[in-house]
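In what follows, a single structure is set out as structure tokens and then discussed.
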Amino acid sequence: MGDVLAGFQTVWEFDTDSVLIRFERGIRTPKLLQTLGERRVPFEALSAVELAPGKRGTVVLRAVPRPGADPLMDVADGQLKEAYDPYRLVLPAERETLAEYYAEEIRAALAPDADTPAETHLVTAPAPPMSFKAYDGKASFDGKEVAFRWFWTGASSAKWKVGDQRFRVDELSGVEWCSPESKGSAGSTPKEGAAKNGNGHLRLIERAHEDRPMGRADHDPAAVVFGMGYGMVHQSLPFAAAVLEAVRAGNPGQGAEGAPASAAHTAAHPAARRDPADIAERIRHLGELHIQGLLTDEEFSAKKAELLAEL
């Protein structure tokens, strides 16, 4: 098409087989859209396009992604507010005729199997490395491995018992994201297992345990929980989408020499020395758990030895 359709905070630039959706930077543009910046969406990634009246003299043109085509929308699982939806274009009502023209152009370009789920991701997720602070720990992803490092101020004793966690992409089968802006709590639907001290979480689904019932996220070492100001949508959702894209890509978990990816990464990037003050604080916290009877003598000694070995 080669045309440009500009709306409020969003611009669609049409190509012969795709649309480039660009999000303007500014105080009125939601942070999630500013974080995404722009997204190239092939027409084959869409199942439909809709046009409907908006609020206060506007019309809304919305492209509907096929299930499985966009890792960001898959992991969001219908939890995004309208303003955060990257597939919405809000236009003045007087441009409704023009919007209908482009809607028909997109419909004519849809793939023959547009009404079926996509077999592979067709829209690219934000690229790693990425990290964000949750309520009970820091999550980081380098493209091959997800790491959770617990905060002593927020992590439960269950997480402190098992220590910081690392998960190779090839050990995972999926990602569960519960919006930090949800109203849910522990045991609620549709996202069960949310933590009592946060409204959402990011949970990694391990292949070895995917049939295991999911407990509370604040007790699950494969999850980080969100709280006020921690794990915000514009930080945690792109992170979750990047991990899901890597999982779906079928990472074989092999390094350059055929060794497991985690071993190759360790050889190429030896673990950095930890801050002694941080180690001392962690040992102090473990001692408190030991005194409270939450850690046995053996567990306390083992975890203390692990921390001292990092110095």
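Ordered by the count of other Cβ atoms within 10 Å of each Cβ, fewest first, 5, 308 give 308, 5. Restricting the calculation to Cα atoms, every distinct pair contributes to the Kirkwood radius of the stretch 4-109, found to be 14.0 Å. In straight-distance terms, cross-link reach from residue 304 covers every one of the aspartates and glutamates whose alpha-carbon lies under 18 Å from its own, apart from those fewer than eight places away in the same chain; here that gives 164, 275, 278, 281, 288. For residue 59, nonlocal amide neighbours, meaning residues 5 or more places apart or on other chains whose placed amide H falls under 5 Å from its own, are 54, 91, 93. Among 47, 157, the ranking by other beta carbons within 10 Å of each residue's beta carbon, starting with the fewest, stands as 157, 47. When you filter the GluC sites (Glu not before Pro) in the stretch 20-70 for DSSP loop state and at most 16 other Cβ atoms inside 10 Å of their Cβ, you are left with 24. Pairs over the 29 Å Cα-Cα cut-off, from the set 81/133; 31/161; 81/159: 31/161; 81/159. Across the stretch 4-13, computed HN-Hα scalar couplings (Karplus, 6.51 cos²θ - 1.76 cosθ + 1.60, θ = phi - 60°) run 10, 10, 9, x, 7, 6, 9, 10, 9, 10 Hz from first to last residue, x flagging Gly and Pro. Here's how it looks for residue 64: its modeled amide H is under 5 Å from those of 47, 48, 49, 50, which are all 5 or more places away or on a different chain.
The slack in the chain from residue 131 to residue 82, taken as 0.36 nm per residue of separation less the alpha-carbon distance, amounts to 15.1 nm.
Bear in mind these aren't lab numbers, they're just calculated from the coordinates by the rules spelled out. Treat the numbers as computed from the prediction; the structure is a model and nothing was measured. Don't worry about glycine lacking a Cβ; one is built from the backbone with ideal geometry, like all the others, and counts go over all protein chains shown.
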